[in-house]
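Everything on this sheet refers to the single structure shown next.
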Amino acid sequence: MPGEFRPEVASESASASAPESVPRSESVHSPAEYHPPVEEYLETMLSLAEEGVPVIQARIAERLGRSAPSVSEMLERLTDDGYVTRQGRRLDLTVRGQDLAEKVVRKHRLAERLLVDVIGLEWHKVHREAGRWEHVISDDVEARLVELLGDPATCPHGNPIPGSHSAVPATPTRPLGEVGAGERVRLLRISEEVELNMGSLAMLDHAGFIPGAWAVVDGRDGEGTVEVRVEGEPGSLHLPADLSDRLFVGAA
């Protein structure tokens, strides 16, 4: 089905040029020495926890598109370096790991706001582009971004920006897949997992179904595909179950 949700992840060969691990002799880092893979893993663990997904090795491997042995090795090093703790299969960020993860996510989501609100880049392209920016934005640039953007509460995908002093509206949300026929809803946020899928992002963007948009649910077929009519847009949008379950809406 066109637009079906499938995570798009980098292959093992595509990621081979970036070292998977940090040498043990460099287990103590200054802020300027944080290796991008460290940030990538911590950011992934934070996003899984935000979504209520169990933070275990298998979920991290799925999200990053990495092999189990490479993920296991990296997690061992993150544990040795004091970023992660293990309790059975469960993985948790330490205070140090949480702080670094939130710092990276904050810069990523501020970069997304800049790309949409100021530069005018298409909504479906900003997550991937911001991934190139998040590791190089200095604290001074971050402070200017906050001033320029007015300290936004959320990124363009509706997810909260860590450290923002602006309150996120306390609106109850539920997955679009749980909404009944005839209900009018407003899209509030999308899962971080959907942000990794350029095809799904482009489909939502072209249909005008991005956070802030209102739509009416027309129905659901036997396979769980949800049909919605986006207000102000022509035609209907058909969303497979694995995508609609990752779109979070509020009632009218």
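The values are calculated or read from the model by the stated rules, or taken from the named source; none is laboratory data. Quantities reported herein were computed from a predicted structural model and do not represent experimental measurements. Heads up, the Cβs are rebuilt from the backbone with ideal geometry, glycines too, and the neighbour counts pull from every protein chain shown.
What about Glu122, is it outside the structural domain of Met203 (by TED's automatic domain parsing) and surrounded by 14 or more Cβ atoms within 10 Å (Cβ to Cβ)? Taking the combined requirement at face value, the residue does not satisfy it.
Scanning the range 175-202 for residues that are of a type in the set (A, V, I, L, M) and touching a helix residue (DSSP H, G or I) at 6+ places or on another chain (Cβ under 6 Å), we see that the one that is surrounded by the fewest Cβ atoms within 10 Å (Cβ to Cβ) is Ala202. The combined condition, being part of a loop (DSSP other than H, G, I, E, B) and within 24 Å of the chain's Cα centre (by Cα), is not fulfilled by Gly235.
Here Asp99 passes the criteria (1) part of a loop (DSSP other than H, G, I, E, B); (2) out of contact with any helix residue (DSSP H, G or I) (no Cβ under 7 Å at 6 or more places or on another chain); (3) not aromatic (Phe, Trp, Tyr) except the one numbered (1). Residues that are in a helix (DSSP H, G or I) and not hydroxyl-bearing (Ser, Thr, Tyr) within the range 189-213 comprise Glu192, Glu193, Val194, Glu195, Met198, Gly199, Leu201, Ala202, Met203, Leu204, Asp205, His206, listed in sequence order.
Among all positions in the range 78-88, there is at least one residue which is free of Cβ contacts under 8 Å to residues at least 24 places away in the same chain and assigned to a helix (DSSP H, G or I). With the structure loaded, tell me whether Ser25 is modelled with pLDDT of 85 or more and not in a loop (DSSP other than H, G, I, E, B) or whether it fails that test. No; evaluated as a whole, the condition is false for this residue.
Taken together, Pro156, Pro172 contain a single residue that is surrounded by fewer than 19 Cβ atoms within 10 Å (Cβ to Cβ), touching a residue at least 40 places away in the same chain (Cβ under 8 Å) and farther than 22 Å from Pro37 by Cα, which is Pro172. The combined condition, being part of a loop (DSSP other than H, G, I, E, B), in contact with a Lys or Arg (Cβ under 6 Å, 6 or more places away or on another chain) and touching a residue at least 24 places away in the same chain (Cβ under 8 Å), is fulfilled by Gly163.
Yes/no matrix, rows are residues, columns are (1) in contact (Cβ under 8 Å) with a residue 12 or more places away in the chain; (2) over 17 Å from Glu178 (Cβ atoms); (3) small (Gly, Ala, Ser):
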site	(1), (2), (3)
Leu196	yes, yes, no
Gly199	yes, yes, yes
Pro211	yes, yes, no
Trp214	yes, yes, no
Val226	yes, no, no
Pro234	no, yes, no
Pro240	yes, no, no
Arg246	yes, no, no
Ala251	yes, no, yes
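Residue count for the range 204-249, restricted to those that are among the hydroxyl-bearing types (Ser, Thr, Tyr) and in contact with a Leu (Cβ under 6 Å, 6 or more places away or on another chain): 1. The listed residues are Ala143, Ala111, Ala49, Ala32, and the only one of them that is small (Gly, Ala, Ser), at pLDDT 95 or above and surrounded by fewer than 21 Cβ atoms within 10 Å (Cβ to Cβ) turns out to be Ala143.
Filtering the range 125-140 to residues that are of a type outside the set (D, E, K, R), crowded, with 21+ Cβ neighbours inside 10 Å and closer than 26 Å to Leu75 by Cα leaves His127, Ala130.
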